[in-house]
């Protein structure tokens, strides 16, 4: 008679049965029964990362592109800690995710062994749902609950702590059936009518889109509304996922620099939020405002977390009779640039070569300033941003997006400084032979901090301070680093070469890295 | 009239005046005033790391070698999160450390800007002292209190959260004077006499040394006691810092594998703890004990956190009349090995070339199994271990140790898997031109997990599970990665070449990396 299923197998079978069939892993000893059980459940694809920030960022990218959670497998408190920054970004993106954090056996925790730490405190800080699974008789139901919680709108990080004995003891109940996420909640017609009346009032209205409103359908409906009512239309500064390209509306993002963002809201009497937060400055600065809307501006939340923003926007369009299609962004691309590589030709090279259906992962920071305009009329693509300000998500998110969408090319445009946080991602790209083009914008500086040092009003910028932003001593050689992790790479310093290399990436499967030597913004 | 000093400058001046004159940094916008103020306080040496795990691990290495805290500069909750794993190790090492975690301005927190997170929960989980500095009138005193707390025995991680406006507003009080750490507490003579009587009783006693008892003085006193009384003498499995070499006692470490560790304690009637925790299994395993001492063994804590273990050991030696020097470990080295590189010749190469006064940072894991025996009779050296089980501290700790002791060579012996967590350390080694020899033991596997999968009794080890430990698809090329971060590197696959390259490293200043291709343990 075969051994009865253990807790680990019941857990993994439950995840797979609930539609979670990818697990990004960085396991340790306390996770060995989980790892062993992977061989019993071939439906689960396990993808190894060499650092937990890769694992959690990949799960975020996967979730943004599929709308479904991936699992992660992390090793006690320190493993969770290493993944924390990208869990913060995922929390801000409302990405569904199911973290499995291995822990000491229940009876072993009391001994304060070296890896013991306050997992509960750390996990709770980044998780919208959190549970410790104390027994193999409950672990399957706990897993089903975690998946359902992660999928309940608008999506959240769910973390299940898994003591080692919960894994290794027999689980006579076996796997649990999938649990049902909470449904989306409807918005009252009266509330929709109220907003429709505001839009008809003649007072200046700004519609701010965020989160799930930035799908093709959401932006098309919002553009119809805005054109019909003469309202301003903006979207949040760092969308989790925006569908863009020729034929879709060109929606301006709220500008990162607060002083310019304030101008975007100037004169706004009514701000209508559609799955977006009230706009505030990313950081505070001496003698500058935190809130970006003008005094007296009234804020109306049309759709938020529990709602379905697309449905709400369609209902609002109907209430307004806004049935005519909005003027679409014309389909156009920049010419193929030649000559020196500056931030405009850098962006033009990307815009000129962007393949149809690309997924752009944007962590180019200051070096990417011209890319949105250079791609807005290009072929349809998805655009994924750094939602939580914790740099180091770009390369991991590209891994997850490529796993989610094996038929699409992922373009990971990455700043040199940010790339260094989670470079280990390159190895997973090579191991899984993912169709990812990594473009590193190497300007040799934390250029954003040069700008920020000036902006915060810091009365200095002496040589010691500026030296903290200098990445040229020694220079970072991304071609060598990529080669060391099995990713073919090349360095370019002209727009012609960048364009040619992008073409080459688009025509060959698997990952490749292009290190583009660019000037720092404003230099 | 010059501008009055701001909070940031008052803070940095207080740190420097309290003896904290090194700050490992990875700053962001909320830390710009701190960074700007560095130019006003040239006594503070700022050392940039490209990832926060480098920063916190370096501060740990610095503290272990100087007994003093370095400061770290971290960017809000995500920056703290990236540094969390090595803070966990530092907490376990009782390393004094002062983390400065920048945060949003006090009035800006309410707006839940993208980088807002529960710093209090995350920081409290790894800090022995924690405070949020709410005003520039208190920040200097807060900093002085943080330093004193970090230095209060046995040493702890102190974390000061620094809102941006606390930094940028004027600090009319200026810097604060240094605060006084708590003194060590004496151990009652009666308690010392009790232990002396146990040692004279004829019942089997084991003395377990840890923490600060592992200095040359502490181990010499303990060896005198053990020899005089016929007691067993052991030290904890992963010491924060152990002074070793010819002329010092050879003290066996408690073996990592619980089943062997239990044998070391077999027959022990009295366990005497000197700055060590009661020994427990690193992990739990099905049907294996968590506690390593035999049933009926009585545990006596002779010296713990508040005490000075060296003084207590000297007092115990006096009480016993144990005045004769213990038999020292003879001064001896292995012969220079030749031929194939296996784990014995790997260790012999290190033992044969270890320079006088070296600082060995040991994160070689399974590949390092033979190195302790190969170095025990070598020139005097310090040995730093992974105290908290969170891999990825070796390279950062080497940075900190080299900054702490510029006249000594640091030998960082590092496993391939662990190295990948915090490879960014290499760049800081190059930037600061630190005298570090990095030896990567590249066996192409998470070999410890092969062993652990067998040990936990996991009934499998199928191809999917074993694939999670495979670092050869693609192979990691550490020579390329090191070159990419400005560190000269070479690959060796014979014992002769390893020995020759170690000689070369010892004769040249600055960092160098040697990638040694070794077989996996047991393969």
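The values are calculated or read from the model by the stated rules, or taken from the named source; none is laboratory data. Computed from a predicted structure; not experimentally measured. Backbone-built Cβ (ideal geometry, glycine too); neighbour counts: all protein chains shown.
Tabulated data
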read-out	value
Hits in segment B:324-364 (condition: surrounded by fewer than 20 Cβ atoms within 10 Å (Cβ to Cβ) and not in a loop (DSSP other than H, G, I, E, B))	B:340, B:344
Which numbered condition residue B:440 misses (of (1) surrounded by fewer than 22 Cβ atoms within 10 Å (Cβ to Cβ); (2) not in a helix (DSSP H, G or I))	(1)
Selected residue (criterion: surrounded by the most Cβ atoms within 10 Å (Cβ to Cβ)) from residues of segment A:92-125 that are at the interface with chain B (Cβ under 8 Å from one of its Cβ atoms) and assigned to a helix (DSSP H, G or I)	A:122
Hits in segment B:258-272 - residues which are in a loop (DSSP other than H, G, I, E, B) and surrounded by fewer than 23 Cβ atoms within 10 Å (Cβ to Cβ)	B:266, B:267, B:269
Leading residue by the ranking (farthest from the other protein chains (Cβ to nearest Cβ)) among those in segment A:1-18 that are part of a loop (DSSP other than H, G, I, E, B) and out of contact with any helix residue (DSSP H, G or I) (no Cβ under 7 Å at 6 or more places or on another chain)	A:1
Single residue of A:520, A:489, A:482 found to be in contact with a strand residue (DSSP E or B) (Cβ under 6 Å, 6 or more places away or on another chain), under 30 Å from residue B:165 (Cβ atoms) and at pLDDT 95 or above	A:520
Considering residues of segment B:369-380 that are surrounded by 23 or more Cβ atoms within 10 Å (Cβ to Cβ) and under 21 Å from the mean Cα position of the chain (by Cα) only, the residue nearest to residue B:497 (Cα to Cα)	B:371
Filter pass, residue A:69 being assigned to a loop (DSSP other than H, G, I, E, B), buried (at least 22 other Cβ atoms within 10 Å of the Cβ), in contact with a helix residue (DSSP H, G or I) (Cβ under 9 Å, 6 or more places away or on another chain) and within 8 Å of another protein chain (Cβ to nearest Cβ)	no
Segments classed as strands (runs of 3 or more DSSP E), wholly inside segment B:126-228, with at least 3 members that are under 24 Å from residue B:63 (Cα atoms)	B:129-132, B:157-163
Options A:216, A:196: the member that is more than 20 Å from residue A:270 (Cα to Cα) and away from chain B (no Cβ under 14 Å)	A:216
Qualifying residue in segment A:420-430 (condition: more than 10 Å from chain B (Cβ to nearest Cβ), surrounded by fewer than 24 Cβ atoms within 10 Å (Cβ to Cβ) and more than 30 Å from residue B:169 (Cβ to Cβ))	no
Verdict on residue B:132 being touching a strand residue (DSSP E or B) at 6+ places or on another chain (Cβ under 6 Å), at pLDDT 95 or above and either surrounded by fewer than 20 Cβ atoms within 10 Å (Cβ to Cβ) or away from chain A (no Cβ under 13 Å) (or both)	yes
Residue check, residue B:82 within 26 Å of residue B:381 (Cα to Cα) and touching a residue at least 24 places away in the same chain (Cβ under 8 Å)	no
Condition met for residue A:287 (in contact with a strand residue (DSSP E or B) (Cβ under 9 Å, 6 or more places away or on another chain), part of a loop (DSSP other than H, G, I, E, B) and modelled with pLDDT under 95)	no
Wholly within segment B:365-434, helices (runs of 4 or more DSSP H) carrying at least 1 residues that are in contact with a helix residue (DSSP H, G or I) (Cβ under 7 Å, 6 or more places away or on another chain) and closer than 22 Å to residue B:46 by Cβ	B:394-404, B:425-431
Which numbered condition residue A:496 fails, given (1) in a helix (DSSP H, G or I); (2) within 12 Å of chain B (Cβ to nearest Cβ); (3) within 20 Å of residue A:369 (Cα to Cα)	(2)
Test set (1) in contact with a helix residue (DSSP H, G or I) (Cβ under 6 Å, 6 or more places away or on another chain); (2) assigned by TED's automatic domain parsing to the domain that holds residue A:208 - residue A:349 fails condition number	(2)
Segment B:499-523, residues that are over 25 Å from the mean Cα position of the chain (by Cα) and in a helix (DSSP H, G or I)	B:499, B:500, B:501, B:503, B:504, B:507
Among residues of segment A:21-51, those that are assigned to a loop (DSSP other than H, G, I, E, B) and in contact (Cβ under 8 Å) with a residue 40 or more places away in the chain, counted	6
Residue within segment A:273-282 that is surrounded by 18 or more Cβ atoms within 10 Å (Cβ to Cβ), farther than 30 Å from residue A:351 by Cβ and under 26 Å from the mean Cα position of the chain (by Cα) present	yes
Filtered residue count, segment B:471-488, keeping only those that are outside any loop (DSSP other than H, G, I, E, B) and surrounded by fewer than 23 Cβ atoms within 10 Å (Cβ to Cβ)	6
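Let's see how each residue does on (1) within 14 Å of chain A (Cβ to nearest Cβ); (2) surrounded by fewer than 22 Cβ atoms within 10 Å (Cβ to Cβ):
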{"residue": "B:222", "(1), (2)": "no, no"}
{"residue": "B:232", "(1), (2)": "no, yes"}
{"residue": "B:256", "(1), (2)": "yes, yes"}
{"residue": "B:305", "(1), (2)": "yes, yes"}
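Conditions (1) within 20 Å of residue B:245 (Cβ to Cβ); (2) in contact with a strand residue (DSSP E or B) (Cβ under 9 Å, 6 or more places away or on another chain), marked per residue:
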{"site": "B:317", "(1), (2)": "no, no"}
{"site": "B:327", "(1), (2)": "yes, no"}
{"site": "B:345", "(1), (2)": "no, yes"}
{"site": "B:352", "(1), (2)": "yes, no"}
{"site": "B:358", "(1), (2)": "yes, yes"}
{"site": "B:371", "(1), (2)": "yes, yes"}
